[in-house]
Structures are given as C-alpha cells and as structure tokens.
Amino acid sequence: MGRKTRITSEVDFEKDGKQQGFLRLPHSVHRSAYGWIAIPIIVIKNGSGPNVLLTAANHGDEYEGQITLMKLCQELEPSMVRGRVIMLTATNFPAAIAGRRTSPIDDGNLNRSFPGNPDGPPTAAIAHYVESELLPLSDFLIDLHSGGSSLMYLPSSLMAPAENKQLFDQQMEMLKAFAAPLTYVAVGRDGDRTMLGGASRVGVAAIGTELGGSGGTSPHSLAVAEGGVRRVLKHLGSTPNMEVGEEPPPSRMMEVVSMDYYVYSPDYGVWQPLVELGDDVEAGQPAAMVYCPQTPWRDPVTAHFEVAGKVICKRVPGGVERGDCLFHLATDRQK
Ligand SMILES: [Zn+2]
C-alpha cells in the first residue's frame with residue numbers, strides 16, 4: 001500500500017462544482033503504445049458536508065447500479081448537494097464494456113482484488129486506486145451489485161459484520177434508509193478482498209447491494225436501486241431536498257451466518273432446482289438434482305440444504321460444474 005497509484009484523474013476532488021471526466025489508467029498495448037483506459041468519473045461538490053462514494057459495475061454484468069448512477073449523475077447539480085458525491089458508474093470499466101463479471105484484459109475480478117496493486121494488471125490497479133485514493137476521501141460508500149450472469153437475488157442490501165461499533169451502527173442506519181425488501185448481514189466469501197473490505201480498512205461506513213441478477217434488470221430491481229440510493233443520500237444529509245417518493249415498508253432484517261447457508265453442486269451436469277427464490281426451506285431438505293448428460297441412465301445426484309432458511313439467491317444457468325453455487329439462504333436476524 002505504500003506505493004503510489006499510476007492512475008491520474010481529470011477531475012479535481014477539492015474543487016466546488018460539477019465535474020465529469022476520466023480516470024486515466026495507463027495501458028500500453030500493441031494497438032496503442034502510450035494509451036490509457038478511460039474510466040468515467042463524476043464529482044459534485046458543494047462546500048462542506050458528507051463525502052459519499054457511489055460505485056457501480058464493480059462487476060461488469062450487474063446493471064441496476066450502472067443505470068441508477070448514470071441517471072443520478074445527469075440529475076445532480078451542485079446546488080442539490082452538501083459536501084461531495086463521487087460516482088464511478090463503471091468501476092471495472094473493461095468488464096463493464098464487455099458485460100462480464102471479470103475484466104477481459106486480465107481476467108481480474110475487481111471485488112476479489114482489494115487492496116490492489118498500483119503496478120499490477122488493470123483490475124488490481126483500479127482496486128488500489130479505489131482503496132488508496134477514493135476511499136480516503138470518503139465517509140460513506142454504497143457499492144451497487146446484483147447477482148450478475150450466474151445468480152439471481154431477491155433484491156437486497158447488505159453489510160459485512162463490522163467490528164467497529166460506530167461503523168456498524170452507521171452502516172445499519174444506511175441499510176434501513178436504503179430499505180430494500182431484504183437486508184442482510186453476511187459473513188464473507190473473501191471479505192477482505194472486496195471493496196467493502198477496503199472500506200472497512202480505511203474506516204468508511206459502507207453498504208453493498210444484491211439487487212437482482214441474471215445479467216439483466218427489471219423495473220422492480222431498478223426501483224429498489226434508485227429509491228435506495230436516493231434515500232441513503234438524503235439520510236446522510238448529502239442531498240437534503242432530494243425527492244424520494246413514497247416511503248417503502250421497513251426492510252426484513254436477515255443474516256447469512258456461515259458457509260452452511262450456501263448449497264453447491266455436488267457434480268457436473270445439468271441441474272433441476274427443487275425450490276424457488278423466496279421459498280422457506282428446512283435443514284436436510286433436497287435442494288436440487290444434478291443429471292449427467294454424458295450418462296443419461298445414471299441416477300441424478302441430490303444436493304441438500306444444510307440449514308433452514310429463506311432462499312434469497314439462486315443460480316441462473318442450467319449447466320453446472322461441481323462447486324458451483326446453486327442457492328444461498330438467509331435467516332431472520334437474531335439480536
Ligand atoms: Zn457483484
């Protein structure tokens with residue numbers, strides 16, 4: 001973390017007003033010896049107030065956040081803002097343009113690349129820039145995700161379990177303001193390598209989302225995304241007069257306690273789900289059957305739920321490999 005980023009910014013983060021431009025990530029390749037990757041960035045600053053960072057397309061095949069921030073960056077003017085709002089509408093830009101979870105340039109998964117490396121491949125350099133340059137300018141972060149191409153979620157917002165009580169409370173208030181139909185506190189898959197992990201290292205109150213998925217969007221998931229971001233900005237005092245529409249019902253507070261909440265494919269083949277998103281299941285209940293196309297007369301292999309809970313996430317593609325996530329559960333949050 002001691003080394004400095006090679007990325008330069010066309011915008012001045014300390015200047016009042018609305019600026020839009022690009023982060024320039026040096027990328028010397030066959031077709032462009034002295035070229036750079038242009039990552040769009042928008043900064044809106046008006047005096048003192050909360051410093052908010054909004055990020056979308058951390059994974060490039062997740063679209064609610066991209067659309068929400070593209071609309072927001074066109075709408076917001078400095079007179080509407082207190083403090084500073086920084087927006088990255090396509091954080092892992094090469095992945096976003098390709099519509100892929102990972103970058104086609106280096107196969108990098110930005111949300112497994114933190115704290116990053118200033119001298120590494122583009123994805124690692126972006127992670128390093130966010131953690132070493134943007135998060136230190138921020139008090140609050142919303143990192144907008146959905147299930148991507150391979151997963152579908154009930155629209156949710158989430159946080160990692162923060163050890164710092166003040167951060168935990170701030171994050172919980174942000175989640176309540178976001179008011180997605182579901183909210184959960186999740187133990188991580190590689191939590192320290194995510195943007196939320198970076199935020200926690202820097203001391204930034206940060207929430208994430210899982211807004212839908214399947215590599216697309218819906219009117220419902222977009223409404224959850226847009227309404228949630230607007231309500232959090234207003235709650236933080238960032239946009240005090242923002243129109244937020246009708247107050248949604250309070251979110252159902254849930255948690256993902258252990259890796260037992262995840263069901264993985266036990267074999268290669270095609271899979272038959274036995275439950276649907278939103279179902280409540282029992283421990284030991286069959287979750288899915290995996291059939292073998294190469295040997296169709298072979299008995300299917302059954303995957304089971306290890307704990308009871310609500311199905312909040314389901315795999316999308318019909319083909320599976322051993323180790324692919326088929327479902328994950330959440331349970332009501334115990335105080
Ligand atoms: Zn994601």
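The values are calculated or read from the model by the stated rules, or taken from the named source; none is laboratory data. The structure displayed is predicted, hence computed values, not measured ones. Cβ sites come from the backbone with ideal geometry, for glycine too, and all protein chains shown count toward neighbours. These accessible areas exclude ligands, DNA and RNA; they are computed on the full protein's heavy atoms, side chains included. Shrake-Rupley method; radii C 1.70, N 1.55, O 1.52, S 1.80 Å.
Label Asp299 and Ser150 with points 7 Å out from Cα along Cα→Cβ: what is the distance between them in nm?
2.9 nm
For region 58-145, give the magnitude of the charge dipole about the Cα centre (Cβ charges: +1 Lys/Arg, -1 Asp/Glu; no others), in debye to the nearest 20.
100 debye
Using alpha-carbon pairs under 8 Å, 6+ residues apart, how would you state the relative contact order of region 211-320 in percent?
On the way: 140 pairs, mean separation 25.1, N = 110.
Worked out over region 211-320, it gives 23 percent.
Taking the convex hull of the Cα atoms, report for the chain its projected area averaged over all directions, in nm².
Its average projected convex-hull area is 18.1 nm².
Could you tell me which GluC sites (Glu not before Pro) in region 267-319 are loop residues by DSSP with no more than 16 other beta carbons within 10 angstrom of their beta carbon?
Sparse-neighbourhood loop GluC sites (Glu not before Pro): Glu276, Glu282.
Give the carbon-plus-sulfur fraction of the accessible surface of the chain in %, rounded to a whole number; probe 1.4 Å, heavy atoms of protein chains only.
52 percent
Assign unit charges at the C-beta atoms only (+1 for Lys and Arg, -1 for Asp and Glu), then state the dipole size of the chain relative to its Cα centre in Debye, rounded to the nearest 20.
For the chain, the charge dipole is close to 740 debye.
Which residue, Val85, Val204, Val320, has the most motion in a Gaussian network model of the chain that connects Cα atoms within less than 10 Å?
Val320
Need one value: the accessible area of Tyr129 in square angstrom, 1.4 angstrom probe, rounded to the nearest 10.
10 Å²
Heavy atoms only, 1.4 Å probe, whole protein assembly: order Tyr268, Tyr184 by accessible area, highest first.
Accessible-area ranking of Tyr268, Tyr184, largest first: Tyr268, Tyr184.
In percent, what relative contact order does the chain have, based on Cα pairs under 8 Å that are 6 or more apart in sequence?
15 percent
Solvent-accessible area per residue for the chain at a 1.4 Å probe radius, Å²?
Ligands and nucleic acids excluded, the figure is 43 Å² per residue.
Report the Cα centroid-to-centroid distance between region 261-335 and region 38-91 in angstrom, as an integer.
Spelled out, the Cα-based centre of one part sits 37 Å from the other.
Under 16 Å Cα to Cα from Lys71, which lysines show up? Leave out anything in the same chain fewer than 8 places away.
Leaving aside lysines fewer than 8 places away in the same chain, those within reach of Lys71 are Lys18.
What are the ³J(HN,Hα) couplings of region 49-64, residue after residue, when phi is run through the Karplus curve with 6.51, -1.76, 1.60 and θ = phi - 60°? Round to Hz, x for glycine and proline.
Ordered by residue, 3J(HN,Hα) equals x, x, 9, 10, 10, 10, 10, 10, 6, 4, 10, x, 10, 10, 10, 4 Hz.
Hey, rough spin-label estimate for Lys15 and Asp119, points 7 angstrom out along Cα→Cβ, what's it come to in nanometres?
The answer from the label model is 3.2 nm.
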